[in-house]
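Below is one structure; the comments refer to it alone.
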Amino acid sequence: MEEVRISEVTAENVEDLCRVCIPPERIADPAFTKGREEKRKWAQEMLRMWGGCAKLAYVGSTPVGLIQYKPVPKERVVYIHCIFVHEKEHWRKGIGKRLLANLIEDMRRPRAWFDGQPALALVTKTFPGELPDQYPARQFFKGKGFQQVGEDPDYLYYPLEEGFVYPPGQEEEACYIPQGEDRGKAVIIYGPSFCPFAYVFLVKAAQVVKEIIPGIPVRWISRSGEPGEVEKRGGFEGCVVNARPIKSFVLDREAFQREVVEAWQMS
């Protein structure tokens with residue numbers, strides 16, 4: 001394999017970031033096209049706000065992997081959204097290790113985000129999504145020295161300052177605020193996202209809801225197009241049925257279907 005090169009994402013290579021984890025055979029799929037557009041919006045906003053949001057691994061001129069992050073100034077930590085090497089031919093070649101090591105080295109340096117101080121830690125919350133035979137993210141991070149936060153085995157941190165312990169309870173999740181106008185319908189709320197699959201999975205969620213409840217009206221709300229509509233719903237993004245948020249992941253089909261039916265049956 002050719003030498004691996006790690007590059008920070010900038011305005012010049014942001015398109016590589018938006019395409020790198022999309023399967024080549026699905027690059028023209030309308031859902032992935034929209035997902036890539038939402039990721040581009042996210043990346044451009046992160047670059048504007050922070051000057052950085054991701055690193056790419058290249059083999060020659062081809063992007064083969066990524067690690068995406070955002071600074072959290074109030075906690076003086078850097079949150080890792082995900083790390084991913086998409087093609088099987090590049091697995092177990094040390095690419096993920098190189099990406100993480102490069103980020104760790106960067107975040108040990110003084111950062112303007114933290115008033116000229118280095119980060120105290122890297123923090124991440126892993127999620128299922130690895131391909132068949134691919135190394136799970138939780139195992140990868142724990143194997144690189146990440147420690148568990150509280151009771152959640154997927155909530156992990158890597159201290160960059162000796163003796164630093166990341167306390168549980170820091171994570172904030174948007175909670176859906178019920179709206180009367182959302183009753184009797186499905187509402188799909190989305191916004192710019194670090195992952196093009198986020199929109200793809202919402203398309204899938206809408207399809208499954210319509211299979212379970214034929215004829216149900218479906219409203220799509222974009223954070224970019226209707227920010228006020230998103231904010232009055234508490235900033236929540238995802239699937240809502242009959243004014244109730246669906247918390248199960250659509251790929252967990254049994255749990256998702258059960259929750260949709262329960263939400264629909266409630267008055």
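Test K93 against the criterion of being modelled with pLDDT under 95, open to solvent by 30 Å² or more (accessible area, probe 1.4 Å), within 30 Å of V165 (Cβ to Cβ) and more than 15 Å from the chain's Cα centre (by Cα), and give yes or no. So K93 does not fit the description; no. Every condition in (1) more than 24 Å from E45 (Cα to Cα); (2) in contact (Cβ under 8 Å) with a residue 40 or more places away in the chain; (3) surrounded by fewer than 20 Cβ atoms within 10 Å (Cβ to Cβ); (4) not β-branched (V, I, T) is met by S193 except one, and the failing one is (1). Applying the criterion of being farther than 14 Å from A198 by Cα and touching a strand residue (DSSP E or B) at 6+ places or on another chain (Cβ under 7 Å) to the residues of region 11-42, the residue that is surrounded by the fewest Cβ atoms within 10 Å (Cβ to Cβ) is N13.
The set of residues in region 145-186 that are over 16 Å from F236 (Cα atoms), without any contact (Cβ under 8 Å) to a residue 40 or more places away in the chain and of a type in the set (D, E) comprises E151, D152, D154, E162. With respect to T62, determine if the residue is surrounded by fewer than 16 Cβ atoms within 10 Å (Cβ to Cβ) and either among the β-branched types (V, I, T) or in contact (Cβ under 8 Å) with a residue 60 or more places away in the chain (or both). Considered against the rule, which asks whether it is surrounded by fewer than 16 Cβ atoms within 10 Å (Cβ to Cβ) and either among the β-branched types (V, I, T) or in contact (Cβ under 8 Å) with a residue 60 or more places away in the chain (or both), T62 comes out as yes.
Of all residues in region 43-59, exactly one satisfies the criterion of being among the small types (G, A, S) and open to solvent by 50 Å² or more (accessible area, probe 1.4 Å), namely G51.
Exactly one residue among F141, F127 is modelled with pLDDT under 95, in a helix (DSSP H, G or I) and among the hydrophobic types (A, V, I, L, M, F, W, C), and that residue is F141. Evaluating R109 against the criteria (1) in a loop (DSSP other than H, G, I, E, B); (2) under 21 Å from C82 (Cβ atoms) leaves one unmet condition, (2). A count restricted to region 196-224 and to residues that are closer than 28 Å to I27 by Cα, part of a helix (DSSP H, G or I) and either open to solvent by less than 20 Å² (accessible area, probe 1.4 Å) or of a type in the set (A, V, I, L, M) (or both) stands at 8. Across region 225-243, what is the total count of residues that are touching a residue at least 24 places away in the same chain (Cβ under 8 Å) and open to solvent by 60 Å² or more (accessible area, probe 1.4 Å)? The qualifying residues number 2.
The values are calculated or read from the model by the stated rules, or taken from the named source; none is laboratory data. Because the structure is a prediction, the values reported are computed rather than measured. Reconstructed Cβ throughout: ideal geometry from the backbone, glycine too, with neighbour counts over all protein chains shown. Only protein heavy atoms, including side chains, enter the accessible area calculation; ligands, DNA and RNA are left aside. Shrake-Rupley method; radii C 1.70, N 1.55, O 1.52, S 1.80 Å.
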